[in-house]
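Written out below as structure tokens is the structure these notes cover.
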């Protein structure tokens, strides 16, 4: 694509006054640089920046309701958990006046000290996938907050099948269909869905069960390394990543949950491919940025969202990320 404007290169003295900086070897001759400028409102630049422009309002073709914010931020500490979460509209959607298609939802049961997280990435080719993403994360967190059947006995599969049916019913409403239509739901509201149920571990830290449909990912940040747990783009035999997305209302024949232990000092990350693709294996500038920000401390809500809204050329998709820390007792 071609942008309508170009970004001025920052002055060298501004780079020297950066709040923080990470330099990681890139694929070209010059090292890839990540800088956080002191200029408030300016994005963190990783490598070559995205051109600067004023975002457009969401166009009426995507519907006037429900209202869709450009950015959503959340974060708190309670019980065994500390949370930071953000969902930001990608640069391409801002440029074209399209809505943020990602979404997340978080619930906590204070009596059981149990945390539930759902993250969804609306399929880019589905016009109303932003509505689908919101519908399934809200449904999934409510379902998981009080599961009608045990999760360890087929409950995860039931959850995703039920979420798929919710998406189909939502499509019938949005599209004013005379009856539920799975094909129309997939064409217009398709979305990924990744869920996490997290509880304190008896030996310290947290125990999390994760499951998902689609290519949104889960990572464990431990000792500065991003360990993939679930999801992400699948590599082909040639070593290239496939961009094919399988999401709701399609559900695989089996949904296999994974259990992971989050030790004190580690962070569990749940995010869409808008974060996962530029992260890659975690060795580049984006990995350096988030490893330095999340590894030693818990950032503020605004700092977390600001980092997620980094500027890097060609990586212009919506980004959603939820970070979970074991809270010191």
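The values are calculated or read from the model by the stated rules, or taken from the named source; none is laboratory data. None of the values given here were measured: they were computed from a predicted structure. When we count neighbours, we look across all protein chains shown, and the Cβ atoms used for this are built from the backbone with ideal geometry, even at glycine.
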**Asked** residue 92 passes all but one of (1) within 24 Å of residue 246 (Cβ to Cβ); (2) more than 16 Å from the chain's Cα centre (by Cα); (3) assigned to a loop (DSSP other than H, G, I, E, B); which number fails?
**Response** (3)
**Asked** Out of curiosity, is residue 146 more than 16 Å from residue 319 (Cβ to Cβ), without any contact (Cβ under 8 Å) to a residue 60 or more places away in the chain and out of contact with any helix residue (DSSP H, G or I) (no Cβ under 9 Å at 6 or more places or on another chain)?
**Response** yes
**Request:** Kindly indicate whether residue 100 is over 24 Å from residue 199 (Cβ atoms), buried (at least 22 other Cβ atoms within 10 Å of the Cβ) and touching a residue at least 40 places away in the same chain (Cβ under 8 Å).
**Result:** yes
**Item:** From the options 310, 304, residue that is modelled with pLDDT of 95 or more, within 19 Å of the chain's Cα centre (by Cα) and under 23 Å from residue 97 (Cα atoms)
**Value:** 310
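Each row is one residue, and each column tells you yes or no for (1) over 23 Å from the mean Cα position of the chain (by Cα); (2) more than 27 Å from residue 283 (Cα to Cα); (3) at pLDDT below 95; (4) assigned to a strand (DSSP E or B).
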position: 7; (1), (2), (3), (4): yes, no, yes, no
position: 23; (1), (2), (3), (4): yes, no, yes, yes
position: 43; (1), (2), (3), (4): no, no, yes, no
position: 67; (1), (2), (3), (4): no, yes, yes, no
position: 87; (1), (2), (3), (4): no, no, no, yes
**Message:** Condition first: closer than 20 Å to residue 275 by Cβ, surrounded by fewer than 17 Cβ atoms within 10 Å (Cβ to Cβ) and out of contact with any helix residue (DSSP H, G or I) (no Cβ under 8 Å at 6 or more places or on another chain). Can you find one or more residues in region 68-87 that meet it?
**Reply:** yes
**Residues of region 117-137 satisfying the condition of being within 16 Å of the chain's Cα centre (by Cα) and surrounded by fewer than 21 Cβ atoms within 10 Å (Cβ to Cβ)** = 124
**Request:** Filter region 235-250 down to residues that are in contact with a strand residue (DSSP E or B) (Cβ under 6 Å, 6 or more places away or on another chain) and modelled with pLDDT of 50 or more and give me whichever is farthest from residue 219 (Cα to Cα).
**Result:** 248
**Asked** Yes or no: residue 137 part of a strand (DSSP E or B) and out of contact with any helix residue (DSSP H, G or I) (no Cβ under 7 Å at 6 or more places or on another chain)?
**Response** no
**Complete:** Taking region 285-325 and keeping only residues that are assigned to a loop (DSSP other than H, G, I, E, B) and buried (at least 24 other Cβ atoms within 10 Å of the Cβ), one is left with 310, 318
**Request:** Please specify each residue of region 50-61 satisfying the condition of being in a loop (DSSP other than H, G, I, E, B) and more than 21 Å from the chain's Cα centre (by Cα).
**Result:** 51, 52, 53, 54, 56, 57, 59
**Message:** Being touching a strand residue (DSSP E or B) at 6+ places or on another chain (Cβ under 6 Å), over 19 Å from residue 218 (Cβ atoms) and surrounded by 22 or more Cβ atoms within 10 Å (Cβ to Cβ): is that true of residue 275 here?
**Reply:** no
